[in-house]
1. I need the calculated FRET efficiency for the pair ASP260 and ARG470, taking r as the beta carbon distance and R₀ as 41 Å, to the nearest 0.05.
2. Determine how large the accessible area of HIS459 is when every protein chain is in place; take a 1.4 Å probe and give Å² rounded to the nearest 10.
3. Roughly how much of THR190 is accessible, in Å² to the nearest 10, using a 1.4 Å probe?
4. Of ASP48, ASP148, which has the most accessible area and how do the rest follow, probe 1.4 Å?
5. Test of understanding: extend the Cα→C-beta vector of LEU312 to 7 Å, then name every residue of the range 351-384 with backbone N under 18 Å from that spot.
6. In nm, what is the difference between 0.36 nm times the number of residues separating ALA23 and GLN119 and their Cα-Cα distance?
7. Ignoring ligands, DNA and RNA, what accessible area per residue does the range 385-509 give at 1.4 Å, in Å²?
8. Could you run the Karplus curve 6.51 cos²θ - 1.76 cosθ + 1.60 with θ = phi - 60° over the range 84-90 and give me ³J(HN,Hα) per residue in whole Hz, x for Gly and Pro?
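The values are calculated or read from the model by the stated rules, or taken from the named source; none is laboratory data. What you see is a predicted model; the values in this text were computed from it and never measured. Positions of Cβ are generated from backbone atoms using ideal geometry, with glycine treated the same way; all protein chains shown enter the neighbour counts. Accessible surface is based on the protein model in full, side chains and every heavy atom, while ligands, DNA and RNA are left aside. Shrake-Rupley method; radii C 1.70, N 1.55, O 1.52, S 1.80 Å.
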Amino acid sequence: MTRSISLPFSGRRPVDWRVLVTASPVATVVLFALLLLAIVPVAYLGGDGDDYHYLLAARCVADHGFCLPVDHWWRRYPIVFPTGISLALFGESQASLSIAPLAYSLSAIALFVTLVQRQFGRVEALLAGLALVCTPAFAMRLPEVNIDIPELTFVLAALLCLQSASASGKRRLVVLAGGMLGLAIQARPTSLVMVPIVVIGLVAMKQWRGWTLPLIAGVLIPNLGEAILYWLSAGDPLLPWRLSLAHSHMPSSDLLPGVDTSRSPLFNPNFIGGWLHANGISVHWTIDGLLNLVVDPSIALTLACGTLFAVLNWRALIGEQDGKLLLALAVGAALLFGGLTYGFAIAPRPRMYLAIIALFCVYFGVFAARGLPARTLLVSVAALLLIGKALSVAYDRADLRAEAMIAPAWIAAAQGIVAVAPRTGRFLTLVPEVEALPRYAPGVAADRILLIGENDCRHAADDVGLRDWRAERAATFRRRDPMIIAALRRDGLFLGPPLITVMCLLRRD
């Protein structure tokens, strides 16, 4: 029996409450994403993150329009170029740096929800979209200068083009799908593994076999365009690919000691098993990456919800047409995981597998919706857990805006030559007064050093080798948790210990 409500201004026809909730799944999910963003709207953090490298490349674009890349971060023009335009138009700020990432993020959400809605239905799309936005590995990167969500955006755009082509029969949409995959490869070259997977899917479907060549032609268009550009500007059409391959030779704190970075990582067991175990699980190099991935707090709840509802509705996987499609997508996801983890030997971190995580969100959305109304309570509990996790993680997001506000006054009042610790300089690079300071290193003349660390100044100074310096000024930053947040921390639900940061102005003893 359908539950309905009567609106006071309408005396004729009751309105189905589900229609109100699912009238526009895209709008609903986008609005929830914006709510998460509003809690702690930080687009740039810096420090040891990739966003600092993208910022350097974007600054060059803002100043010169086009810059030859100097490393693999600089070559990722899908994020570097639009971010550079934002800096040129609006200057450097958290707001201007968020424009390009936010555009990609909202596009990814809209594409994903639209795909699910067209294929499975409105309620399914709403639940799947909320699950994606509530997954910390995705949600925490919504406003950040990153390449992970742009890559996902192009992959989703390619799938939407293929979905539209299957409905209309227009081959130009297949070429466009290939172009989107080509742009995903430009965003991150490891997306190359998507091409054979999609080709296998097309060949497996008799009526789509003729789409293979148009798809490959589309993939080649942006990649040949890039090659021509670098051939004309640098005399080396393969320059960006050389930079990407050289990335594996860089020293990495994520690799265990003893891994030979001079060798190629491709199909290399030393690389595959040489990554630090992010969650402490060590069984065998062949499965350590997978085991540490599935228990990672930033995706574990989403994977659990998707798996639970798929198991509860396992008959649909083999009995219905939609189930067969979801099973085929699972095979594609397994191939993608294998290609990335064992072929390219990437660091098995959640942000590298957003397309696979999105599939688990689809599982949750489709099978949870199909379980209604019989499993309304279970679906509600799962949805509330996902939303609670997203809200708590958004609240706990690292935020150095207070430090950025105080630093200029400290610098102006300090006596003598003030330098900044290199990592701190990357944190506060958007503050002109800090950016103008020399980076401290042994041999650099400095009477004071500006430093950001954790817990207290003594530990922060010791951690960066400044044992002969003591704090002249110090400020400690810790959020005042509301009662509900404090209770969650105390019970170990969703949140760990609070982040306590300190900003110190050091002088030599």
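1. Values: r = 42 Å, r/R0 = 1.01.
Step by step, r from the Cβ atoms, then E = 0.50.
2. 100
3. Roughly 20 Å² of THR190 is accessible to a 1.4 Å probe.
4. Largest accessible area first, the residues go ASP48, ASP148.
5. Hits in the range 351-384 for LEU312 at 18 Å: 360-384.
6. Length gained between ALA23 and GLN119: 32.9 nm.
7. Working: 6590 Å² over 125 residues.
Accessible area per residue, the range 385-509: 53 Å².
8. Karplus-based 3J(HN,Hα) across the range 84-90 equals x, 5, 4, 5, 5, 7, 10 Hz.
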